[in-house]
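See structure below.
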Amino acid sequence: MLDRSLKALSLILSYPSRELQEAMPEIGAILGCDPRIATDTRAALRSLTNGFADADLYDLQESYVMLFDRSRTLSLNLFEHVHGESRDRGGAMVSLIETYRAGGFEPATSELPDHLPVLLEFLSTRPFAEVQETLADAAHILDALAARLVRRDSGYAAAFAALSQLADTQADAEAVADMLAQPDDDPTDLAALDAVWEETEVTFGPDPNAGCPQVRDMLAAMDKPSLRAMDARPVTE
């Protein structure tokens, strides 16, 4: 059974398109009726989706890119916040792809498999107990991203608040503090950001011992340096 709220949150966090903009009233209605999400968060989500529906599409796209593509500290690629550009990220990628395929899910996107909207689309098809475990394991990342978006006065913070509420767990305060202690990169300083992105690139290497069959186990092990790398390539259409 499809979890419509998780699907709706996946769409909210996806790159804005005309079709997505037109669907925002329905997306807002779905989230506004979910009792698992706090009343104030539902109101904030309604405000966010209403704003999407009324905004200029190019402004929405520019804002999205500046927040999530230009800023590493707001990256929607979850493993970016754990492994950075290290080789450990490769093993995690392979495990996640294996988990998707074991669940009969093949992402129809050029995004990396750890891209949050892709993960949420997959989770929308899974039993809710599994969803909660997975989101709980990533709770410190979700809470840190929410706090950073609040700092920028971004309505997207409501989407992360909703995910934390669906997880129904308390994030590790120390882990959240450690993430927030890292300096935020400024998405408006394009020259500085370009210099940062040119410094490193992702490199994946082989390791036959890597791999984990469950998304939740992999996310639970995110902070452990023991994950090793395998040869991996992004899932494409």
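Look at the stretch 54-72: where a residue is touching a residue at least 40 places away in the same chain (Cβ under 8 Å) and a partner is part of a helix (DSSP H, G or I) and among the β-branched types (Val, Ile, Thr), sitting 6+ places away or on another chain with Cβ atoms under 8 Å, you get Arg72/Val196. In the stretch 144-169, the residues that are surrounded by fewer than 20 Cβ atoms within 10 Å (Cβ to Cβ) and of a type in the set (S, T, N, Q) form Cβ pairs under 7 Å with partners that are assigned to a helix (DSSP H, G or I) and modelled with pLDDT under 95, at six or more places apart or across chains, as follows: Ser154/Leu67; Thr169/Ala136; Thr169/Ala139.
Suppose we keep only residues that are touching a Lys or Arg at 6+ places or on another chain (Cβ under 6 Å) and not β-branched (Val, Ile, Thr) within the stretch 121-155. Which one would you say is modelled with the highest pLDDT?
So the first thing to find is which residues in the stretch 121-155 are touching a Lys or Arg at 6+ places or on another chain (Cβ under 6 Å), and the list is 124, 133-134, 137.
Pick out the ones that are also not β-branched (Val, Ile, Thr) and you get 124, 133, 137.
Details: Ser124: 95, Glu133: 91, Asp137: 87.
This residue is Ser124.
Could you grab me the full set of residues in the stretch 113-133 that are over 11 Å from the mean Cα position of the chain (by Cα) and either assigned to a loop (DSSP other than H, G, I, E, B) or not charged (D, E, K, R) (or both)? Hits for the stretch 113-133 are Phe122, Leu123, Ser124, Thr125, Arg126, Pro127, Phe128, Ala129, Val131, Gln132.
Yes/no per residue for (1) of a type outside the set (A, V, I, L, M, F, W, C); (2) without any contact (Cβ under 8 Å) to a residue 40 or more places away in the chain; (3) surrounded by fewer than 13 Cβ atoms within 10 Å (Cβ to Cβ):
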{"position": "Met1", "(1), (2), (3)": "no, yes, yes"}
{"position": "Pro25", "(1), (2), (3)": "yes, yes, no"}
{"position": "Gly28", "(1), (2), (3)": "yes, yes, no"}
{"position": "Leu45", "(1), (2), (3)": "no, no, no"}
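The values are calculated or read from the model by the stated rules, or taken from the named source; none is laboratory data. Remember, predicted model here, so these are calculated numbers, not experimental data. Reconstructed Cβ throughout: ideal geometry from the backbone, glycine too, with neighbour counts over all protein chains shown.
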